[in-house]
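The values are calculated or read from the model by the stated rules, or taken from the named source; none is laboratory data. What you see is a predicted model, and the numbers here were worked out from it, not measured in a lab. Here the Cβ is made from the backbone with ideal geometry for all residues, glycine too, and neighbour counts use every protein chain on show. Heads up: the accessible areas ignore ligands, DNA and RNA and are worked out on the full protein's heavy atoms, side chains in. Shrake-Rupley method; radii C 1.70, N 1.55, O 1.52, S 1.80 Å.
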Amino acid sequence: MHIDAEAIEEGVWKIKLSGRMDVQGSQEIDVKFAGLTAGERNAIVVDLSGVNFLASIGIRTLLLNGKAVSQRGGKMVLLNPDATVTKALETAGIDTLLPIFTDLEAARHAVARQ
Amino acid sequence: MLSLDSRPEGAEQRASPAPDRPDLPFPEAEYQFTLQNDLGELRRMSEWLERCGRELRISPRRIDELDLCANEAVTNVISYAYDAPGKREIVLRLKRAQSAGASLSIEDDGRPFDPTAAPEPVPPARLADAVIGGLGIKLMRRMMARCDYQRKGGRNLFTLVTHA
């Protein structure tokens, strides 16, 4: 898997994941992902448009990072998962904890400090 | 390891696969695949599932769902089924189900475990309370039309059946 981060405005980060988020894929990005959601980054949009497979191990990775951000008073949301990935998120009941957006502007607004 | 894997039984009577001929009856072949108890085998399993699923003319959506559920079930077997270290084999069999969906059975010789009886995690109301674990079982039960379990001759036989 690949993982990249860019600041889309002051204090708001977009983390883009791509590839197959199975056991192997999740292991490949776990450490870097945790590093990117640590520290002062409290407003995070995770772009899932490049992820074509999401297993429970990948959902676990998303949850752990979302939890870390939320424990510091921040917010993490998901952007543009494909149909298969959306179904996995909804079936696991995770879409209520990590909200899904299909529009970057709306996602940015949801995580930015009011 | 060997190339006998994934050769359909009865291949000699079978016409070549025709993914573009929905008017033909579904292929009756059963495909078999053996993997070792190593998480590094999961990608090879997924490739097999996709290739044979196409040959059986299972829809891409059902193949995706089966791929996810097979990843969950086999990850659980590899991670929790064995008391002692060492090489073990897990056998998968894929065929068309009578319901017009697909059926995938997973057989292992690990300790008895019935995924259909395991408790599901309670959905947390807040991210802070989210318990991380048990999601694989939940995904399998919700995504499949049926999950069956049998313990036979010291082996676990777990069968996933997709929707039509």
Select from the range A:1-40 all residues whose loss of accessible area on going from the chain by itself to the full protein assembly reaches 20 Å² or more (probe 1.4 Å).
A:Arg20, A:Asp22, A:Val23, A:Gln24
Taking beta carbons within 10 Å but only from partner chains, what does the mean come to for residues A:87-94?
6
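Pairs of alpha-carbon atoms within less than 8 angstrom and 6+ residues apart define the contacts here; what relative contact order does the range A:40-88 have, in percent?
Reported as a whole number, the value is 59 percent.
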Per residue of B:27-39, count partner chain C-beta atoms within 10 Å of its C-beta, then hand back the mean as an integer.
0
Can you list the residues of the range A:42-77 whose accessible area drops by at least 40 Å² going from the chain on its own to the full set of protein chains, with a 1.4 Å probe?
A:Phe53, A:Ser56, A:Leu63, A:Lys67
For the range B:80-163, what class follows from the C-alpha gyration tensor (a ≥ b ≥ c being the square roots of its eigenvalues): rounded when a/c is under 1.5, otherwise prolate if a/b is larger than b/c, else oblate?
oblate
Whole Å is fine, so just give me how far the alpha carbon centre of the range B:27-68 lies from that of the range A:5-55.
28
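Accessible area per residue of the range A:20-114 at 1.4 Å probe, in Å²?
Per-residue value: 42 Å².
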Summed buried accessible surface, chains A and B, 1.4 Å probe, nearest 100 Å²:
2100
Using modelled backbone amide H atoms (1.01 Å from N, in-plane), which distant-in-sequence or interchain residues come within less than 5 Å of B:Arg146's amide H?
B:Val161
Of the accessible area of chain A, with the probe set at 1.4 angstrom, what percent is carbon plus sulfur?
50
Evaluated at q = 0.14, 0.19 Å⁻¹: base-10 log I(q)/I(0), Debye formula over Cα of chain A
-0.47, -0.92
I'd like to know which of B:Pro60, A:Ala55, B:Ala29 lies farthest towards the positive end of the charge dipole of the protein assembly as shown, counting +1 on Cβ of Lys and Arg and -1 on Cβ of Asp and Glu.
A:Ala55
Using only the Cα atoms of the protein assembly as shown, build the gyration tensor, take square roots of its eigenvalues as a ≥ b ≥ c, and label the shape rounded, prolate or oblate: rounded if a/c is under 1.5, else prolate if a/b is larger than b/c, else oblate.
prolate
Contact order normalised by residue count of chain A, Cα under 8 Å, 6+ apart, percent
26
Which loop-located trypsin sites (Lys or Arg not before Pro) does the range B:95-128 contain, where loop means any DSSP state but H, G, I, E or B and the Cβ has at most 13 other Cβ atoms within 10 Å?
B:Arg126
With +1 on the Cβ of every Lys and Arg and -1 on the Cβ of every Asp and Glu, the dipole magnitude of the range B:65-164 about its Cα centre, in debye rounded to the nearest 20, is 240
Place a +1 charge on the Cβ of each Lys and Arg in the range A:8-109 and a -1 charge on the Cβ of each Asp and Glu, then give the dipole magnitude about the Cα centre in debye, rounded to the nearest 20.
260
What stretch of chain A, leaving out the sites themselves, is the longest with no GluC sites (Glu not before Pro) in a DSSP loop having at most 11 other Cβ atoms within 10 Å?
A:41-114
What size of dipole, in debye to the nearest 20, comes out for the protein assembly as shown about its Cα centre when the only charges are +1 on Lys and Arg C-beta atoms and -1 on Asp and Glu C-beta atoms?
440
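If you add up the charges near B:Glu120, with Lys and Arg at +1 and Asp and Glu at -1, over every other residue whose beta carbon is less than 12 angstrom from its beta carbon, what do you get?
Result for the local shell: +3.
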